[in-house]
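First the structure, in the form of structure tokens, and then the observations on it.
The values are calculated or read from the model by the stated rules, or taken from the named source; none is laboratory data. It should be emphasised that the depicted structure is a prediction, and the values quoted were computed from it without experimental measurement. In this analysis, Cβ positions are derived from the backbone assuming ideal geometry, glycine residues included, and neighbour counts consider all displayed protein chains. Note: areas computed on protein heavy atoms with side chains; ligands, DNA, RNA excluded. Shrake-Rupley method; radii C 1.70, N 1.55, O 1.52, S 1.80 Å.
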Amino acid sequence: MGTDIAATKGHAVLRPQDSSTRERKRLDGLWAFSLDPEAEGRTARWWAGRLPHASEMAVPASYNDIAADAAVRDHLGEVWYQRTVRVPRGWAGQRVVLHFESATHRATVWVDDTEVMSHEGGYTPFEADITGLVSAGEEIRVTACVDNTLSFQTIPPGVVEDTPAGPRQRYWHDFFNYAGLHRSIWLSATPHAHTDDVTVVTGLDGLTGTVDYTATTVGADGLGVRAVLRDADGHEVASGSGASGRLTVADVHRWAPGDGYLYDLEVQLVEHDGGGDGDGGGTVVDSYHQSVGIRTVEVRGTQFLINSEPFHFTGFGKHEDIPVIGKGHDDGYLVHDFALMEWIGANSFRTSHYPYSEDVLDYADRHGIVVIDETAAVGLNMGLGGGIFGSQGYQTYSPDTVNDETRAVHAQAIRELVARDKNHPCVVVWSIANEPESDTEGAEDYFRPLFDVAREADPTRPVGFVNVMLAPHGKCRVSQFADVLMLNRYYGWYVNTGDLAAAETAWLDELQGWATEGKPIIVTEYGADTLPGLHSLTPQPWSEEYQVAYLDMNHRVFDRVDAVVGEHVWNFADFATTSGIMRVDGNKKGVFTRDRKPKAAAFALRRRWRKDS
Ligand code: GCB
């Protein structure tokens, strides 16, 4: 594989914000919406006028379950969204930006008749400077063509197969291929001279905290950069000048699990005051605020340290998955899910299997919840399909399947994830893939450079990937590159089904093997499908009692292996999947139902995870 995957850069896309020099307008609500089953919209230039045959669609939301129509739910290909928006009359002379927090899985966007941007990948933001196309006080028409097709050259991968009934999308990940505009769309105004990226790296030296910041600016010739750090009460605690520097905080209030204390870093572009000290000091031309949690993360031997203290992960692999709106972001569920995590004693979760809404990470920052942040690289494994093991008729890594081009897209997905989330104190590990084929030479070749990409993008955080049980200890050829071992294991479910005694022996044996690697182990998935309300006196699979017994068995195993520093149950809640004989109205491994009612396992976990329960 010879492609130069270092060629493209992760582009910084700062989220729009209101500040003393910036303003934003949210474009959420009802948009006109048209399916494009004949793929005629581009030829017919649908962006150039009102969409034909349009219905109304909620944004943010997956479109699939909103319309009571199988043609919408199962649509394959492009759909179109459109609305008009009036540019605020006070924005004359400003730089105006159109920002999409995501479009799943790719989109092209027009402003009136002009194409302004395209983006590949369904879970990271993209934006365009549309200043030259707009006038303050006037309306513009925004049209987005969104495509849900997956191929071997997309992340996640899939393949469209020709069948007698027409083209059909196949993919190898176990969640429904929801699509659409899942997060907010913004129109925003910034000064022409502006900060376009900020990076912070924090450190601790006893009671002193350090914040190393780097700002990159556009159009700022002749302007100075000033950095002001304030505590949560708004009191200035440090300041500096120049595009990069170190701020020192005496008596620091550290960000820590359970204590989401945040400072505010204001990056100002300032006109020079003529003092010659280069600190500006004159009028503030641009102001951008970045929240900062001062903490450290380190892997030492088999320990995972946050602020130099051993951390044990308790929590879940989650999904962005809600009845009716699918992967659409919803603040009500955001707050409720975190309330349930606090109730149960979860101190962490993994963004399985894609980057989540920035609202989720901001919330985790503020509430001291630790995050394993994952790319959308799920299903790079032809030995798996929708939870079903077995050959899928393709070879995973080959010139015709997952290949150099896929790897370049994957590298870009890693860069965009890091570019977006690098400043979140909650993020402590990058997970660059979930359950890829990892026991072959092709896997080793594919992944080696991707670890380099992640480390180059962020030299400060541990990097790992999530290992599948088809590549057990001794067989996996990719874990050698990882700082942390992340394992998904289903002893007692997919293997040793219903036989927890045999499962316990086999699982302990494998885990003890992994422990010899001398790295921390996070069990990133263990779980059993459970039908709420199904009971059995002796623990039978699918019953609530079995889920409890299964988790207990896992915990006995973990407690005997020192290198295990984390336990994330699969899954927080039941979720939608593609249909299949292994799935009854979706995946039922939730500890909560899809509408967030507790199963018996919720109370059992609470007893283990909350010392005060
Ligand atoms: C896994 C996958 C996850 C599935 C889960 C299951 O290993 O990572 O996406 O949903 O197993 O329930 O089969």
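Things to note:
- R596 vs. criteria surrounded by 14 or more Cβ atoms within 10 Å (Cβ to Cβ), assigned to a helix (DSSP H, G or I) and either away from the ligand (no atom under 16 Å from the Cβ) or modelled with pLDDT under 95 (or both): no
- Residue in region 400-411 that is under 30 Å from R254 (Cα atoms), more than 16 Å from the ligand (Cβ to nearest atom) and touching an Asp or Glu at 6+ places or on another chain (Cβ under 9 Å) present: no
- Candidate set from region 523-546 (those that are surrounded by fewer than 20 Cβ atoms within 10 Å (Cβ to Cβ) and of a type in the set (A, V, I, L, M, F, W, C)); member that is farthest from the ligand (Cβ to nearest atom): L537
Matching residues to (1) within 14 Å of the ligand (Cβ to nearest atom); (2) within 19 Å of W609 (Cβ to Cβ); (3) open to solvent by 50 Å² or more (accessible area, probe 1.4 Å); (4) modelled with pLDDT of 95 or more:
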| residue | (1), (2), (3), (4) |
| --- | --- |
| V548 | no, yes, no, yes |
| M553 | no, yes, no, yes |
| E567 | no, yes, no, yes |
| D574 | yes, no, no, yes |
| T577 | yes, no, no, yes |
| G580 | yes, no, no, no |
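- From the options A68, A44, A39, A54, residue that is over 26 Å from the mean Cα position of the chain (by Cα), open to solvent by 40 Å² or more (accessible area, probe 1.4 Å), at pLDDT below 95 and not assigned by TED's automatic domain parsing to the domain that holds I322: A68
- Among the candidates L487, L470, L511, residue that is open to solvent by 10 Å² or more (accessible area, probe 1.4 Å) and of a type in the set (A, V, I, L, M): L470
- Note on region 147-190: residues that are in contact (Cβ under 8 Å) with a residue 12 or more places away in the chain and more than 30 Å from D331 (Cα to Cα) amount to 9.
- L229 meets the conditions (1) surrounded by 22 or more Cβ atoms within 10 Å (Cβ to Cβ); (2) in a loop (DSSP other than H, G, I, E, B) in every case but one. The failed one is (2).
- Whenever a residue of region 458-473 is at positive phi and not assigned by TED's automatic domain parsing to the domain that holds Y213, it has no partner that is within 12 Å of the ligand (Cβ to nearest atom) and open to solvent by less than 10 Å² (accessible area, probe 1.4 Å) lying with C-beta atoms less than 8 angstrom away and at least six residues away or across chains.
- Whichever residue in region 399-432 is touching a Leu at 6+ places or on another chain (Cβ under 7 Å) and assigned to a loop (DSSP other than H, G, I, E, B) and, among such residues, is least open to solvent (accessible area, probe 1.4 Å): C426
- Any hit, region 92-113, residues being surrounded by fewer than 16 Cβ atoms within 10 Å (Cβ to Cβ), within 25 Å of S135 (Cβ to Cβ) and hydroxyl-bearing (S, T, Y): no
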